[in-house]
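Peer 1: Let me give you the structure first, and then I'll get to my questions.
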Amino acid sequence: MGIGAVVRRRVMTKIKVKIALVTGASSGIGEATAERLAKAGYKVYGTSRRGAQAGKRSFEMLPLDVTSDESVEAAVSEVMRIDGRIDLLVNNAGFGAYGEFHKTRLDRIVEMTQVNVTAVVHLTHLFLPGMIARGSGDILILASTASFQPVPYITVYAATKSFDLSFAEGLAEEVRQYGIRVCALCPGSTETEFHEVAGQRQHTKRSPETAKKVAHVGLTAMAAGKTVVISGFSNWLGAEGVRFVPRRLVTRIAGGMFRPGTK
Ligand SMILES: NC(=O)c1ccc[n+]([C@@H]2O[C@H](COP(=O)([O-])OP(=O)(O)OC[C@H]3O[C@@H](n4cnc5c(N)ncnc54)[C@H](OP(=O)(O)O)[C@@H]3O)[C@@H](O)[C@H]2O)c1
């Protein structure tokens, strides 16, 4: 290949290849989403506190603790230095903590709101102006079926996920005029490290979905321009069904399902 062709190819690659940043890509839904995007031809920056680890991945891992301003600054500068933009931001990093609110360590609860809420706002606010200037960009935000009603014993987690859903839907409407798409992905129980990290057992008899399936549902919905997607028909039925039941009753039922010591 002549030098002209090489240069042309490099230029075309720079123009065409879309750049994605996926938070929490060291495991679960984030990892599956990053893998899927890499297969689809995106250049993917996966991020997590663990950063690069042994093992085969089809995307690059950067160390990023989303609760630390310095860490966010370092990772974002690195990405901007190399590629100058992010076309798709996947705000996926998140965790829960199971148990009675007053017995749960305060630092853990505060950290949860930082990861699930503050960091989502922070990263979105950092990358959105560039997307608006270019007139295109996608933002996928991990909400949950817990976004649709209060859930006692994961009370703070469910509240953070309600925030994520509301934020995604409100922002989607705001930025539609600039050619930006925002989508909230709402999975139900999914096979990942989530339950172990949260100290939470399975609370439904339904079998959990795989992270791969959830990633597929989220990316397909985003590509179709949806602002909200609930993964799985029975999850959809449950999440939408609560609208027709008095809120207090829904919370009481959820409390019964999640109460420690109940099966
Ligand atoms: N699994 C479910 O049943 C389920 C259901 C509904 C919604 N979701 C949502 O899906 C998202 C992904 O969860 P998952 O199920 O895939 O759980 P997971 O397997 O535990 O993955 C969570 C990811 O978040 C990262 N993370 C945690 N704290 C972080 C921090 N401070 N800074 C940067 N990264 C951090 C973790 O990496 P490091 O530990 O390396 O930082 C990990 O990569 C979460 O937002 C969760 O709320 C999960």
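The values are calculated or read from the model by the stated rules, or taken from the named source; none is laboratory data. Just so we're clear, the structure is a prediction, and the values are computed from it rather than from any experiment. For neighbour counting, all protein chains shown are included, and Cβ atoms are generated from backbone atoms with ideal geometry for every residue, glycine included. Keep in mind that these areas ignore ligands, DNA and RNA; they rest on the heavy atoms of the full protein, side chains included. Shrake-Rupley method; radii C 1.70, N 1.55, O 1.52, S 1.80 Å.
Peer 1: Net charge around Ser166, counting only other residues with Cβ within less than 14 Å of its Cβ (Lys, Arg = +1; Asp, Glu = -1)?
Peer 2: Details: positive: Lys161; negative: Asp164, Glu169, Glu173, Glu174.
Residues close to Ser166 contribute a combined charge of -3.
Peer 1: Something else about it: Where does the chain land on the Kirkwood hydrodynamic radius, alpha-carbon pairs, in angstrom?
Peer 2: Taking every pair of different Cα atoms in the chain, averaging 1/r and inverting gives 19.2 Å.
Peer 1: Just read off the accessible area of Asp83 with the full protein assembly in place, 1.4 Å probe, to the nearest 10 Å².
Peer 2: Near enough 40 Å² of accessible area.
Peer 1: So what's the gap between the Cα centers of segment 218-256 and segment 16-39, to the nearest angstrom?
Peer 2: Going from one Cα centre to the other spans 24 Å.
Peer 1: Under a 1.4 angstrom probe, counting protein chains only, how are Ile180, Ile29 ranked by accessible area, largest first?
Peer 2: Ile29, Ile180
Peer 1: Let me ask you something else. Work out the charge dipole of the chain with +1 on the Cβ of Lys and Arg and -1 on the Cβ of Asp and Glu about the Cα centre, then indicate which of Asn91, Ala32, Leu142 is farthest towards its positive end.
Peer 2: Working it through, the farthest residue towards the positive pole turns out to be Ala32.
Peer 1: Would you kindly find the accessible area of Ile253, with a 1.4 Å probe and non-protein molecules such as ligands, DNA and RNA excluded, rounding to the nearest 10 Å²?
Peer 2: Counting only protein heavy atoms, Ile253 exposes about 90 Å² to solvent.
Peer 1: Still on this structure, I have one more. Kindly state, to the nearest 0.05, the FRET efficiency for Arg252 paired with Tyr178, given R0 = 35 Å and r defined as their beta-carbon distance.
Peer 2: Once the sixth-power term is evaluated, E becomes 0.25.
Peer 1: Right, something else. Under 1.5 on a/c is rounded, so check that first for segment 68-188, then, if it is not, pick prolate when a/b is larger than b/c and oblate when it is not; a ≥ b ≥ c are the square roots of the alpha carbon gyration tensor eigenvalues.
Peer 2: oblate
Peer 1: Charges only on Cβ, +1 for Lys and Arg, -1 for Asp and Glu: so what's the dipole of segment 16-258 about the Cα centre, in debye to the nearest 20?
Peer 2: Values: 28 positive and 23 negative charges, 150 e Å.
Roughly 720 debye for segment 16-258.
Peer 1: Can you tell which of Ala159, Ala38, Ala198 shows the greatest fluctuation in a Gaussian network model of the chain with Cα springs below 10 Å?
Peer 2: Greatest mean-square fluctuation among the candidates belongs to Ala198.
Peer 1: For segment 113-263, what is the Kirkwood estimate of the hydrodynamic radius, computed as the reciprocal of the mean inverse distance between distinct Cα atoms, to one decimal in Å?
Peer 2: 16.3
Peer 1: Would you mind checking the pairs Lys18/Lys39; Lys56/Lys212; Lys39/Lys161; Lys18/Lys213; Lys161/Lys226 and listing those with alpha carbons more than 20 angstrom apart?
Peer 2: Those over the limit are Lys39/Lys161; Lys18/Lys213.
Peer 1: Just to make sure I understand: if all protein chains stay in place, what is the order of Lys16, Lys56, Lys161, Lys39 by accessible area at 1.4 Å, largest first? Walk me through the intermediate numbers first.
Peer 2: Values: Lys16 140, Lys56 200, Lys161 10, Lys39 170 Å².
In descending accessible area the options line up as Lys56, Lys39, Lys16, Lys161.
Peer 1: Turning to a different aspect of this structure: Per residue of segment 74-84, what does 6.51 cos²θ - 1.76 cosθ + 1.60 with θ = phi - 60° give for ³J(HN,Hα)? Whole Hz please, x for Gly and Pro, Karplus curve as stated.
Peer 2: Along segment 74-84, the couplings run 5, 5, 5, 4, 4, 5, 5, 5, 7, 10, x Hz.
Peer 1: So, counting K/R as plus one and D/E as minus one, what does the shell of residues with Cβ under 12 Å around Arg49 add up to?
Peer 2: -1
Peer 1: Before rounding to the nearest 500, sum -39500 (n - 2.57) across all DSSP H runs of length at least 4 in the chain and divide by the residue total; then give [θ] at 222 nm in deg cm²/dmol.
Peer 2: It lands at -15000 deg cm²/dmol.
Peer 1: Rounded to a whole number, what is D in µm²/s for segment 168-218 from Stokes-Einstein with the Kirkwood radius over alpha-carbon pairs (10 °C, 1.306 mPa s)?
Peer 2: Working: Rh = 13.1 Å.
D = 121 µm²/s.
Peer 1: Which whole-Hz couplings ³J(HN,Hα) result when phi for each residue of segment 122-138 is put into the Karplus expression 6.51 cos²θ - 1.76 cosθ + 1.60, θ = phi - 60°, listed in order with x for Gly and Pro?
Peer 2: 4, 5, 4, 5, 6, 8, 4, x, x, 4, 5, 4, 8, x, 7, x, 10
Peer 1: What's the local net charge at Val182, with K and R +1, D and E -1, over the other residues with C-beta under 12 Å away?
Peer 2: Details: positive: Arg176, Arg181, Lys226; negative: Asp138, Asp164, Glu169, Glu173, Glu174.
Around Val182, the charge tally is -2.
Peer 1: Could I ask something else about it? From the mean inverse distance of alpha carbon pairs (Kirkwood) and the Cα radius of gyration, derive Rg over Rh for segment 57-102.
Peer 2: 1.11
Peer 1: If you don't mind, another one. As a test, work out the antiparallel percent of DSSP beta bridges whose residues both lie in segment 16-258, rounded to the nearest 5.
Peer 2: 0
Peer 1: Could I ask something else about it? Going from most exposed to least, what order do Phe258, Phe244, Phe233, Phe194 have by accessible area with a 1.4 Å probe?
Peer 2: So the residues, ranked largest to smallest area, are Phe244, Phe233, Phe194, Phe258.
Peer 1: To continue, here is another question. Once amide H atoms are built 1.01 Å from N in the peptide plane, which residues 5 or more positions from Glu193, or in another chain, come under 5 Å H to H?
Peer 2: Residues meeting the amide H criterion: Gly28.
Peer 1: Could I ask something else about it? Highest mean first, what order results for 206-215, 85-94 on Cβ atoms within 10 Å?
Peer 2: Peptide ranking by packing, descending: 85-94, 206-215.
Peer 1: Using modelled amide H (1.01 Å from N, peptide plane; none on Pro or chain starts), what sits under 5 Å from the amide H of Val90, excluding residues fewer than 5 places away?
Peer 2: Leu21, Val22, Thr23, Leu140
Peer 1: Looking at the chain as a GNM with Cα springs under 10 Å, which of Phe167, Phe59, Phe101 has the largest mean-square fluctuation?
Peer 2: Maximum among the listed residues: Phe101.
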